[in-house]
Amino acid sequence: MTLAHEVGHLLLHDAPGLARKPKNSVDIPPYKSSEWQANAFAGSLLMPIEFLKSARSLREIIDECAVTEEAAATHTRLLTQAGLLCNPCLG
Ligand SMILES: [Zn+2]
């Protein structure tokens, strides 16, 4: 996840200075944060949505995608909240 996160910074953000959370980030929506973007990139890379749609449990995602429970829970929650994922097996 960490490596995928950093690759996200490299691909999404032009200058190293933009790859870190600005001090005044409280005032910007979460999706405009470079950290949020890198996390979303990493989640999407490691946990393909087509797999998430058919996953039978959070444990299956953790095991098959080699991510932490926190990463799996966070990514599936964000996709569910955005209306992109509807899988009753994931709670
Ligand atoms: Zn980062």
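The values are calculated or read from the model by the stated rules, or taken from the named source; none is laboratory data. Since the structure is predicted, the reported quantities are computational estimates derived from the model, not experimental observations. Cβ: placed from backbone, ideal geometry, glycine included. Neighbour counts: every protein chain shown. Accessible surface is based on the protein model in full, side chains and every heavy atom, while ligands, DNA and RNA are left aside. Shrake-Rupley method; radii C 1.70, N 1.55, O 1.52, S 1.80 Å.
Looking at the range 36-58, which of its residues are within 13 Å of R77 (Cα to Cα), open to solvent by 50 Å² or more (accessible area, probe 1.4 Å) and of a type in the set (A, V, I, L, M)?
I49
Can you pull out the residues in the range 53-75 that are farther than 18 Å from G8 by Cβ and part of a helix (DSSP H, G or I)?
Of everything in the range 53-75, those that are farther than 18 Å from G8 by Cβ and part of a helix (DSSP H, G or I) turn out to be K53, S54, L58, R59, E60, I61, I62, D63, E64, E69, A73.
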